[in-house]
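Below: the structure, in structure tokens.
The values are calculated or read from the model by the stated rules, or taken from the named source; none is laboratory data. Computed from a predicted model, the values in this text were never measured in an experiment. When we count neighbours, we look across all protein chains shown, and the Cβ atoms used for this are built from the backbone with ideal geometry, even at glycine. Keep in mind that these areas ignore ligands, DNA and RNA; they rest on the heavy atoms of the full protein, side chains included. Shrake-Rupley method; radii C 1.70, N 1.55, O 1.52, S 1.80 Å.
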Amino acid sequence: MKKLKTYTRVIVFLCALAMIPANFVSVWQIILEAPQYPEGLKMEIWSHKIAGDVNNINGLNHYIGMAQIKEENFPEFKVMPYMIWIMVFLAALTALVGRRFLLWTTASYLLFCGAWGIYDFWRWEYEYGHNLNPHAAIRIPGMAYQPPLFGWKQLLNFLAGSFPDTGGYLIIVPAVVIVGLLVIEQFRKK
């Protein structure tokens, strides 16, 4: 089994440390901007809860027939903290043991979590934006209100933004670094 270079082990260990705070800050944010809300509205998605202006957003979304946003509707909150701790554990183990197969395992797990997270978030946004109450006060035939997966999107008079928050960057940047290190380790000469 091939050993990792010392610099790779040090960087992977730093990545493990960097991911720890991701369980204690917001991972993703959805921003709504409109003339009647000059300061904007923000919903923060943590690994285990929702915070921010959720009540105001629910109040607005009621008029167009969107379902209420409630933490109990997100079974993901029961597993996401553990998924992040597994990321930290695998990265730390890779750094301590220093074997290439562990770097493959860690990078594969990070890529799997990233793909699952993107699909799951898109699925939730699709259902939230398409399954509307037919008796809502404001109904526009053919109109869906699916927020953007990433970036900005105009929804009626609201500009909706969807971006990583602090915790998201604390996962994404180390994940990119670890995958990059795997590529370097895989193609380096002895």
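Can you give me the C-alpha center-to-center distance between the stretch 10-36 and the stretch 131-177, rounded to a whole angstrom?
Taking the Cα centre of the stretch 131-177 as reference, the centre of the stretch 10-36 is 17 Å away.
Rank these residues by their accessible area, most exposed first, probe 1.4 Å: Met66, Met19. The partial results should precede the final answer.
Numbers: Met66 20, Met19 0 Å².
Sorted descending by solvent-accessible area, the residues read Met66, Met19.
Take the Cα gyration tensor of the chain, multiply each eigenvalue by 5, square-root it, and list the three semi-axes largest first, rounded to whole angstrom. Walk me through the numbers on the way to the answer.
Working: eigenvalues 316, 43, 40 Å².
For the chain, the ellipsoid semi-axes come out as 40, 15, 14 Å.
Considering only protein heavy atoms and a probe of 1.4 Å, how much of the accessible area of the chain is carbon and sulfur, as a whole percent?
Carbon and sulfur: 66 percent of the exposed surface of the chain.
Can you give the angle from 0 to 90° between the axis of helix 54-63 and the longest principal axis of the chain, with both taken from C-alpha atoms, to the nearest 10?
Around 40 degrees separate the two axes.
What is the calculated FRET efficiency for Tyr63 to Thr105, with r their C-beta to C-beta distance and R₀ = 41 Å, to the nearest 0.05? List each step's numbers first, then the result.
Values: r = 48 Å, r/R0 = 1.18.
The computed FRET efficiency comes out at 0.25.
How high is the FRET efficiency from Phe24 to Asp120, r the C-beta distance, R0 22 Å, rounded to 0.05? Working shown, then result.
Values: r = 21 Å, r/R0 = 0.97.
Once the sixth-power term is evaluated, E becomes 0.55.
For the chain, what does -39500 (n - 2.57) per DSSP helix run (n ≥ 4), summed and divided by total residues, give at 222 nm, in deg cm²/dmol to the nearest 500? Walk me through the numbers before you get to the answer.
Numbers: 5 runs with 95 residues, N = 190.
That calculation yields -17000 deg cm²/dmol at 222 nm.
Kindly express, to the nearest 10 degrees and within the range 0 to 90, the angle between helix 100-130's C-alpha long axis and the longest C-alpha principal axis of the chain.
With rounding to tens, the tilt is 0 degrees.
Looking only at the stretch 39-64, which residues have a backbone nitrogen under 20 Å from a spot 7 Å from the Cα of Gln154 in the C-beta direction?
Taking a point 7 Å out along Cα→Cβ of Gln154, the residues of the stretch 39-64 whose backbone N falls under 20 Å are 39-41, 64.
Under 18 Å from the 7 Å Cα→Cβ point of Met1, by amide nitrogen: which residues of the stretch 86-107?
Of the residues in the stretch 86-107, 89-107 have backbone N under 18 Å from the label point off Met1.
On a 0 to 90 degree scale, rounded to 10, what angle separates helix 166-187 from the longest Cα axis of the chain?
40
With a Cα-only, solvent-free Debye model of the stretch 77-190, what are the log10 I(q)/I(0) values at q = 0.10 Å⁻¹?
Scattering profile of the stretch 77-190, log10 relative to I(0): -0.45.
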